[in-house]
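Okay, so here's the structure we're looking at.
The values are calculated or read from the model by the stated rules, or taken from the named source; none is laboratory data. These numbers were taken from a predicted model, which means no experiment stands behind them. For accessibility, only protein heavy atoms count, side chains too; no ligands or nucleic acids. Shrake-Rupley method; radii C 1.70, N 1.55, O 1.52, S 1.80 Å.
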Amino acid sequence: GAGVSQTPSNKVTEKGKYVELRCDPISGHTALYWYRQSLGQGPEFLIYFQGTGAADDSGLPNDRFFAVRPEGSVSTLKIQRTERGDSAVYLCASSLTGQDHLSGANVLTFGAGSRLTVL
Amino acid sequence: AQSVAQPEDQVNVAEGNPLTVKCTYSVSGNPYLFWYVQYPNRGLQFLLKYITGDNLVKGSYGFEAEFNKSQTSFHLKKPSALVSDSALYFCAVRALQNTGGFKTIFGAGTRLFVKA
């Protein structure tokens, strides 16, 4: 597609439930990123994929969070046993080259985000 | 620690006046610096970047930013503000990690309010 698409745009769930958030990056972009944005804060890095593999998952807060990108395109962020503190907007971004690329030209194109509310 | 700071939560300016949104950074090595803008219910949009070369970089919508190495700053500027510039602005830097890889980290954001 023309841009980064994220679904659902809004998700309300109950504490303890499992949720999946989907990201469809720009076609041809090899790098994909997940960020989390809490109210009044800047985007916080979660995980970065280069192709199918997670090149850097150091931002995932704990083992309840997991992300996959099995075919190097669409990615799914999975959150198990959700907690109220997980409530945030989850942003996905893609770039033509990865952030380790020496050109540094990895401008990120963001989706509109998935707003997760855990009651 | 590598970080980006935006010291102002909000900047208020009258339409037609110049605007400045401040950003300072702390990273190892040469910084790659970015500005993004976020309009309500929209994703972050890239405005401009500094990689190397001329310290004054020009970007979208008439915005520009000046890289100042000695002050470790990358302030966003525009000569004449428009009401439509009202949005949330994020400064970002590509930072070298202990692992040898890089990560793009963002400041907390500054809300720009342009009054007609």
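The table for this structure:
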quantity	calculated
Most fluctuating residue given options B:F63, B:F90, B:F102, as computed from a GNM of chain B linking Cα atoms under 10 Å	B:F102
Dimensionless Rg over Rh [segment A:1-64; C-alpha; Kirkwood]	0.97
Most to least accessible of B:S3, B:S70 (protein chains only, probe 1.4 Å)	B:S70, B:S3
Segment B:1-97 - Rg over Rh from alpha carbon coordinates, Kirkwood radius	0.95
Semi-axes of the equivalent ellipsoid for segment B:43-116, Cα gyration tensor, largest first, Å	25, 15, 10
Sequence of B:D54, A:D57 from largest to smallest accessible area, 1.4 Å probe	B:D54, A:D57
Summed buried accessible area for B+A [probe radius 1.4 Å, Å², rounded to 100]	1600
Segment A:5-101 - percent of accessible surface contributed by carbon and sulfur, probe 1.4 Å	47
Accessible-area composition of chain B, carbon plus sulfur, in percent [1.4 Å probe]	49
Shielded residues, segment B:76-116 - accessible-area loss of 20 Å² or more between chain alone and all protein chains, probe 1.4 Å	B:F90, B:R94, B:F102, B:K103, B:T104, B:F106, B:A108
Set of lysines near A:K78 by C-alpha distance (under 19 Å), chain-local residues within fewer than 8 positions excluded	A:K11, A:K15, A:K17
q = 0.14, 0.18, 0.19 Å⁻¹: log10 I(q)/I(0) that the Debye formula gives for segment A:38-100, counting C-alpha atoms only	-0.43, -0.71, -0.78
Proximal aspartates and glutamates to B:K103, defined as alpha-carbon separation beneath 13 angstrom and excluding residues fewer than eight positions away on the same chain	A:E44, A:D56, A:D57, A:D100
Cα Rg, Dmax, the protein assembly as shown, angstrom units	17.7, 52
P(r) weight above 24 Å for chain A, C-alpha pairs, percent	20
Per residue value of the accessible surface for chain B (all protein chains in place, 1.4 Å probe), Å²	49
